[in-house]
Amino acid sequence: MSFFSSVMLVIIISFVLSFLLLHYSWASPPKEMDQIPGSLGWPIVGESFSFLSNFSSPCGIYNFIYQRQQRYGKVFKTFVLGRFTVFMSGREASKILLTGKDGIVRLNLFYTGKQVLGPTSLLQTSGDAHKRLRRLIAEPLSVDGLKKYFQFMNRLAIETLDQWPGRTVFVLEEASTFTLKVIGNMTMSLEPTGEEQQKFRANFKLISSSFASLPLKIPGTAFYRGIKARDRMYAMLNSIIYNRRSGNSFQQDFLESLIVKHSKGADGEGSEDNKLTDTQLKDNILTLLVAGHDTTTSALTWLIKFLEENPAVLNKLRVEHLEIQANRKGGTNLTWSEVNNMPYTAKVINETLRRATVLPWFSRKASEDFEIDGYKIKKGWSINLDVVSIHHDPQVFPNPYKFDPSRFDAPIKPFSFLGFGSGPRMCPGMNLAKLEISIFIHHLLCRYKWTTLEKDDSVLPTLVRMPRNKYPIVAEPL
Ligand code: HEM
């Protein structure tokens, strides 16, 4: 390690320690934690350094969980980033934590996420406020609500793929550009090219990187840059919202549907209860961008990678898409009814979400004392549901590391497959994600075959699991 890196490391460690000391009191660990296997690590920092170093390792953060499961079993305690945390797995834990019966748990964001997303984000509300906000947001994301964006996505997928032959394609980057253009257009009618799009993309990238950064709000840090980029994004949204509210501009997008439907009193739906303030609009547009971008980008990239690694599945999927193309009467382009009738594609998407488990755990905070699998959980503890283990349980998914979409031929036991979560926090963007992926895959399979330039299964040090090498390929016409 160079002198410069060593100095930087010492500075970073000092900052982390001061932050933890200032923000959290380690005090003495709760006595009730004695019953739970595991270690709380060192005073004040707990196991934070091991957590952070695993986060940047090739296997990603799941390594941290895996090592402790080998030592202590499926349920273990730890103290990371200022939180007393219990990791759990299994259907019982999944059911209790995700249905959140009687409001016993809340969503548990990292400090950085809370600061960036703002206090009225869907991810920071709970109880009735969460239900109300979700109802407003979920409506334009329903299958019917998405129909008006179909042509845009279809065109964009074709234009993106037009650029693929004859060069090295980093699938993760292409998927990221595609999904960001889709969500920018859907939410606020942002044009897919031009200066505004470039600024939007640059700001979004900074915001996104700040989530998994150290919580130090000082110039030069990723967190500081993320907060500044968020401010610029909000300034842009302020002017769009102002123009919409004053009637200077009208668009048929997500923002408009929230503004019009929920502020003008039409059909009795504009009651106080249905109105969204400008802050709520901004916080939640940003929430959709953040929650919907990396997840869909990652799923689309893993799916293309899994297909190449599993030629039998690839062939079967291609047959589905070539048949759709061959049966098309009049017109050459994919239609709305075709995209909603791709049964094998739906199974391939599910199997991708199971094998890749793009969100490796779901984090909750106990709002009261309760019990899971005989373990007493105390109010205030963090409980992380280990979804990777649930998705690789050989009792539910025999030969769990095999990529086999036929597992989804029959219904899966409740709380065993959590690709989009379950219960009141289940993903409201799942229809959009499936639509984007199905459209993209249709055009890819009907036009190209591809091979990878580098085999590598390691993952990026991000909260959402993504291939570290961005999955480089070369594509050529069929
Ligand atoms: C393949 C892509 C996607 C995957 C795998 C995915 C997965 C998930 C999962 C597992 C949850 C629940 C997390 C938990 O219970 O802690 C969730 C929640 C959420 N997702 Fe997605 N998601 C995807 C795409 C999207 C898209 C496209 C959007 C929006 C445009 C979106 C918006 C959200 C929001 C806002 C929540 C929080 C819901 C709440 O707290 O009530 N997601 N997602």
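Residues in the range 115-131: is at least one closer than 19 Å to Thr296 by Cβ, within 11 Å of the ligand (Cβ to nearest atom), surrounded by 19 or more Cβ atoms within 10 Å (Cβ to Cβ) and at pLDDT below 90?
For the range 115-131, residues closer than 19 Å to Thr296 by Cβ, within 11 Å of the ligand (Cβ to nearest atom), surrounded by 19 or more Cβ atoms within 10 Å (Cβ to Cβ) and at pLDDT below 90: absent.
Which pairs turn up if I take residues in the range 434-450 that are closer than 19 Å to Thr297 by Cβ and in a helix (DSSP H, G or I) and look for partners that are within 11 Å of the ligand (Cβ to nearest atom) and among the small types (Gly, Ala, Ser) with beta carbon separation below 8 Å, at least 6 apart in sequence or on another chain?
Within 8 Å, the pairs are Ile437/Ala299; Phe440/Ala175.
So which residues in the range 321-362 are away from the ligand (no atom under 13 Å from the Cβ), among the hydroxyl-bearing types (Ser, Thr, Tyr) and surrounded by 13 or more Cβ atoms within 10 Å (Cβ to Cβ)?
The first filter runs over the range 321-362 and keeps only residues away from the ligand (no atom under 13 Å from the Cβ), leaving 321-345, 347.
Remaining after also requiring among the hydroxyl-bearing types (Ser, Thr, Tyr): 332, 335, 337, 344-345.
Residues satisfying the conditions are Thr335, Tyr344, Thr345.
Just to be sure before I move on: is Ala299 under 28 Å from Pro461 (Cα atoms), modelled with pLDDT of 95 or more and among the hydrophobic types (A, V, I, L, M, F, W, C) in the structure I sent?
Yes, satisfied.
Tell me which residues, restricted to the range 379-403, are touching a residue at least 60 places away in the same chain (Cβ under 8 Å) and over 30 Å from Met33 (Cβ atoms).
Answer for the range 379-403, where residues must be touching a residue at least 60 places away in the same chain (Cβ under 8 Å) and over 30 Å from Met33 (Cβ atoms): just Phe403.
Might you let me know whether the range 391-403 holds any residue that is over 18 Å from Thr357 (Cβ atoms) and out of contact with any Phe, Trp or Tyr (no Cβ under 8 Å at 6 or more places or on another chain)?
No, there is no match, as no residue in the range 391-403 is over 18 Å from Thr357 (Cβ atoms) and out of contact with any Phe, Trp or Tyr (no Cβ under 8 Å at 6 or more places or on another chain).
Go through (1) over 17 Å from Glu159 (Cα atoms); (2) touching an Asp or Glu at 6+ places or on another chain (Cβ under 9 Å) and name the single condition His442 misses.
All conditions pass for His442, except number (1).
Here are the criteria: (1) on the phi > 0 side of the Ramachandran plot; (2) within 13 Å of the ligand (Cβ to nearest atom). Tell me which single one Lys365 does not satisfy.
Going through the list (1) on the phi > 0 side of the Ramachandran plot; (2) within 13 Å of the ligand (Cβ to nearest atom), Lys365 breaks only (1).
Out of the residues in the range 115-130 that are under 16 Å from the mean Cα position of the chain (by Cα) and in a helix (DSSP H, G or I), which is farthest from Phe223 (Cα to Cα)? Full working, then the answer.
So in the range 115-130, the residues under 16 Å from the mean Cα position of the chain (by Cα) come out as 116-117, 121-124.
If we keep only those that are in a helix (DSSP H, G or I) too, we end up with 116-117, 122-124.
Working: Val116: 9, Leu117: 12, Leu122: 21, Leu123: 19, Gln124: 19 Å.
Looking at residues that are under 16 Å from the mean Cα position of the chain (by Cα) and in a helix (DSSP H, G or I), I get Leu122.
Check the range 433-443 and report whether any residue there is near the ligand (Cβ under 6 Å from one of its atoms) and hydrophobic (A, V, I, L, M, F, W, C). Walk me through it before giving the result.
Here is the first cut: in the range 433-443, the ones near the ligand (Cβ under 6 Å from one of its atoms) are 433.
Next cut, hydrophobic (A, V, I, L, M, F, W, C) only: 433.
Yes, some residue in the range 433-443 is near the ligand (Cβ under 6 Å from one of its atoms) and hydrophobic (A, V, I, L, M, F, W, C).
The values are calculated or read from the model by the stated rules, or taken from the named source; none is laboratory data. Just so you know, these numbers come straight off a predicted model, no measurement behind them. Cβ coordinates were reconstructed from backbone atoms using ideal geometry, including for glycine residues, and neighbour counts include every protein chain displayed.
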